[in-house]
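**Q** Take a look at this one; I'll ask things after.
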Amino acid sequence: MNEHTIRHVVILGGGTAGWMAAAALSRFLNNGVTRITLVESEEIGTVGVGEATIPPLLTFNRMLGIDEQDFIRATGGTFKLGIEFVDWGGLGERYFHPFGAHGHDLGGVHFHQLYLRERQRRVMQDISAWSMSAVAAQAGKFAPPSPTAQSAVKELLYAYHFDAARYADFLRGYAERNGVRRVEGKVAAVAQRPEDGYVTALRLEDGQTIAGELFVDCSGFRGLLIEETLATGYEDWRRWLPCDRAVAVPSALAGDPDPYTRATARGAGWQWRIPLQERMGNGLVYCSDYQSRESAERELLHHLEGAPLAQPRHLAFTTGRRALAWNRNVVALGLASGFVEPLESTSIHLVQSGIAKLIALFPDRRFAAVERDEYNAQMHELYEDVRDFVILHYKATRRDDTRFWERCRTMDVPASLQRKIDLFRAKGRVFREGRELFATTSWVAVCLGQHIVPDEHEPAADALDEERVAEAIEQMRRDYLAVADKLPRHGDFLRHIGAATAPAAAPPPAAPDPGPTFSFASETPFNFSADPL
């Protein structure tokens with residue numbers, strides 16, 4: 001501690017972003033000096049269109065010491081093994097983007113290169129047949145692997161679906177137990193230092209003044225501090241990501257929830273399907289140049305699998321990012337920082353990453369420019385990585401059945417993405433650079449799933465014996481199937497941990513011998529007839 005230590009952090013806005021920030025900062029700034037206050041108004045609703053996540057959220061929860069099963073029960077959560085894409089490459093087609101890896105590298109050669117070579121010799125199944133997460137998802141199976149797992153189950157990587165509002169409430173309880181003070185109120189004015197424009201206080205409508213030294217803006221699309229006060233500027237990405245509207249509605253859940261998200265391409269956008277414990281989350285993301293609000297609502301309701309449970313909720317947005325995520329003494333998180341549509345479930349991860357980078361580069365009251373510049377550079381790079389990967393889904397389509405898809409198919413894309421596409425199309429090469437979020441598996445899944453098929457494979461693959469490689473590849477595929485067969489049904493596992501799912505349609509037949517015990521990561525035994533994994 002020194003004379004420059006920040007004494008007061010003020011977070012403007014609750015919701016997922018605000019309470020994630022409050023929880024994490026209360027955990028890592030527990031120094032006896034720095035206070036944290038969160039200002040929010042119950043009159044201002046939160047957006048919360050995304051209820052699906054990616055695996056790094058497990059690290060965030062573990063960092064806070066959150067018990068996974070408590071979290072799942074509290075948030076209405078389910079487990080997610082990846083995303084199924086329907087009608088993206090062409091009508092009537094589908095593929096799976098799994099978490100985790102495709103197969104195993106052999107002799108220093110990437111598995112997908114060996115797969116590409118093998119495809120030239122014979123008809124092959126989709127590459128998802130060599131992913132533990134994909135095989136389990138398609139079978140409706142799930143169980144988190146134990147730390148000592150020896151079989152292919154250790155390759156099963158997962159994330160969550162959950163009710164974003166309930167997650168925010170869950171984190172609010174955590175943060176308040178750690179000393180975060182919540183203030184109810186709406187901001188009437190923002191005070192700034194005349195000499196440099198630094199924010200000094202929030203003045204609320206009820207007359208309260210909340211002074212601070214570091215301000216975290218979680219005020220949503222409005223960006224009350226980062227934009228309305230500091231006029232930071234916004235970079236518009238609609239020329240590549242033209243969808244600018246969404247309509248969302250929950251529906252009744254028919255049967256047990258699937259352990260994956262589904263994204264189905266529609267005429268002017270796409271529809272999400274996110275299974276929670278007691279309901280289905282649904283939404284349609286679309287481009288208002290090609291579809292009206294009324295038409296989008298009708299289309300969404302037409303495709304629901306169960307009865308709607310609320311009135312549809314409409315949202316407008318502009319895909320892009322702030323010119324600076326950290327300006328003066330204001331750091332923007334969540335929608336205040338930018339928005340990349342939720343196609344790959346990255347919204348909450350961008351919040352998480354912003355928090356992690358803020359903690360790593362946490363300033364003192366001198367606000368060194370080098371720390372602020374590094375934060376902005378890293379967030380700039382991360383947003384562009386996510387942007388390019390999402391654009392890939394639109395660009396890599398053969399659809400020309402609507403004006404929307406014809407526009408996407410023929411559009412120019414950022415040079416950074418075009419270079420990746422060209423490298424993959426030539427010899428299936430994927431190079432991860434800097435702090436990129438999406439691994440080789442992700443690029444391979446989308447490129448192959450949407451017909452970007454390399455002309456050749458890497459020459460290094462030819463150095464390995466064809467017959468031995470073919471045998472190894474086939475053994476991997478059988479191993480994944482065998483392990484998935486032994487896993488419990490996703491709904492059964494949720495009931496086992498006390499999640500509020502509907503009872504199974506019919507109990508499984510009794511086995512003559514209960515068999516060995518399968519130990520989950522929680523170390524809670526779950527008995528079923530299977531060999532140990």
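**Q** Of the conditions (1) in contact with an Asp or Glu (Cβ under 8 Å, 6 or more places away or on another chain); (2) under 30 Å from GLN192 (Cβ atoms), SER353 fails just one. Which one is it?
**A** (1)
**Q** OK, next. Keeping to the stretch 69-83, report how many residues are closer than 12 Å to PHE162 by Cα and touching a helix residue (DSSP H, G or I) at 6+ places or on another chain (Cβ under 7 Å). Give the derivation first.
**A** Our first condition is that a residue be closer than 12 Å to PHE162 by Cα; within the stretch 69-83, this holds for 71-80.
Still in the list and also touching a helix residue (DSSP H, G or I) at 6+ places or on another chain (Cβ under 7 Å): 71, 74-79.
The total comes to 7.
**Q** With (1) farther than 22 Å from TYR160 by Cα; (2) touching a helix residue (DSSP H, G or I) at 6+ places or on another chain (Cβ under 8 Å) as the list, and ASN376 as the residue in question, which single condition is left unmet?
**A** (2)
**Q** Tell me, yes or no, whether the stretch 300-309 has at least one residue that is farther than 27 Å from LEU91 by Cα, in contact (Cβ under 8 Å) with a residue 24 or more places away in the chain and part of a loop (DSSP other than H, G, I, E, B).
**A** Among the residues of the stretch 300-309, at least one is farther than 27 Å from LEU91 by Cα, in contact (Cβ under 8 Å) with a residue 24 or more places away in the chain and part of a loop (DSSP other than H, G, I, E, B), which makes the answer yes.
Yes/no matrix, rows are residues, columns are (1) surrounded by 22 or more Cβ atoms within 10 Å (Cβ to Cβ); (2) under 28 Å from GLU278 (Cβ atoms); (3) free of Cβ contacts under 8 Å to residues at least 40 places away in the same chain; (4) touching a His at 6+ places or on another chain (Cβ under 9 Å):
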| position | (1), (2), (3), (4) |
| --- | --- |
| ASP70 | no, yes, yes, no |
| ALA74 | no, yes, no, no |
| ILE83 | yes, yes, no, yes |
| LEU116 | yes, no, no, yes |
| PRO147 | no, no, no, no |
| LYS154 | no, no, yes, no |
| ARG166 | no, yes, no, no |
| GLU176 | no, yes, yes, no |
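**Q** Among the listed residues LEU448, LEU481, LEU464, which satisfies the condition of being touching a residue at least 60 places away in the same chain (Cβ under 8 Å), farther than 15 Å from LEU114 by Cβ and either crowded, with 20+ Cβ neighbours inside 10 Å or not aromatic (Phe, Trp, Tyr) (or both)?
**A** The conditions single out LEU481.
**Q** Mind listing whichever residues of the stretch 362-411 are under 18 Å from HIS451 (Cα atoms) and not in a helix (DSSP H, G or I)?
**A** Scanning the stretch 362-411 gives ALA396, THR397, ARG398, ARG399, ASP400, ASP401, MET411.
**Q** Mind checking whether some residue in the stretch 52-74 is in a strand (DSSP E or B), out of contact with any Leu (no Cβ under 6 Å at 6 or more places or on another chain) and not β-branched (Val, Ile, Thr)?
**A** Among the residues of the stretch 52-74, at least one is in a strand (DSSP E or B), out of contact with any Leu (no Cβ under 6 Å at 6 or more places or on another chain) and not β-branched (Val, Ile, Thr), which makes the answer yes.
**Q** Could you give me the residue pairs with C-beta distances under 9 Å whose first residue belongs to the stretch 349-376 and is among the small types (Gly, Ala, Ser), whose second residue is modelled with pLDDT under 95 and buried (at least 17 other Cβ atoms within 10 Å of the Cβ) wherever it lies, and which are 6+ apart or on separate chains?
**A** Listed pairs, sorted by first residue: SER353/LEU437.
**Q** Here's another thing I want to ask about it. If I filter the stretch 90-114 down to residues being over 18 Å from TYR260 (Cβ atoms) and touching a Gly at 6+ places or on another chain (Cβ under 7 Å), which single residue comes out as surrounded by the most Cβ atoms within 10 Å (Cβ to Cβ)? Spell out the reasoning first.
**A** At the first step, the residues of the stretch 90-114 found to be over 18 Å from TYR260 (Cβ atoms) are 90-92, 103-114.
From what's left, touching a Gly at 6+ places or on another chain (Cβ under 7 Å): 111-113.
Numbers: PHE111: 22, HIS112: 29, GLN113: 24.
That would be HIS112.
**Q** Could you check the stretch 372-387 and list, in sequence order, the residues that are surrounded by 17 or more Cβ atoms within 10 Å (Cβ to Cβ) and either in the same structural domain as VAL216 (by TED's automatic domain parsing) or in contact with a Gly (Cβ under 9 Å, 6 or more places away or on another chain) (or both)?
**A** Once the filter is applied, which keeps residues that are surrounded by 17 or more Cβ atoms within 10 Å (Cβ to Cβ) and either in the same structural domain as VAL216 (by TED's automatic domain parsing) or in contact with a Gly (Cβ under 9 Å, 6 or more places away or on another chain) (or both), the stretch 372-387 yields TYR375, GLN378, MET379, LEU382, TYR383, ASP385, ARG387.
This table checks each residue for (1) surrounded by fewer than 24 Cβ atoms within 10 Å (Cβ to Cβ); (2) basic (Lys, Arg); (3) out of contact with any Ser or Thr (no Cβ under 7 Å at 6 or more places or on another chain); (4) more than 20 Å from LEU241 (Cα to Cα).
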{"position": "LEU284", "(1), (2), (3), (4)": "no, no, yes, no"}
{"position": "GLU299", "(1), (2), (3), (4)": "yes, no, yes, yes"}
{"position": "HIS314", "(1), (2), (3), (4)": "yes, no, yes, no"}
{"position": "THR318", "(1), (2), (3), (4)": "yes, no, yes, no"}
{"position": "ARG322", "(1), (2), (3), (4)": "no, yes, no, no"}
{"position": "ARG328", "(1), (2), (3), (4)": "yes, yes, yes, yes"}
{"position": "GLY338", "(1), (2), (3), (4)": "no, no, yes, no"}
{"position": "ALA356", "(1), (2), (3), (4)": "yes, no, yes, yes"}
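**Q** Moving to a separate point now. Hey, can you tell me all the residues within the stretch 216-244 that are farther than 21 Å from LYS186 by Cβ, surrounded by 20 or more Cβ atoms within 10 Å (Cβ to Cβ) and in contact with a strand residue (DSSP E or B) (Cβ under 6 Å, 6 or more places away or on another chain)?
**A** THR232, TRP237, CYS243
**Q** Examine the stretch 46-63 for a residue that is buried (at least 16 other Cβ atoms within 10 Å of the Cβ), more than 18 Å from PHE162 (Cβ to Cβ) and either among the small types (Gly, Ala, Ser) or at pLDDT 95 or above (or both), and state whether such a residue exists.
**A** no
The values are calculated or read from the model by the stated rules, or taken from the named source; none is laboratory data. None of these values were measured; they are calculated from a predicted model. Positions of Cβ are generated from backbone atoms using ideal geometry, with glycine treated the same way; all protein chains shown enter the neighbour counts.
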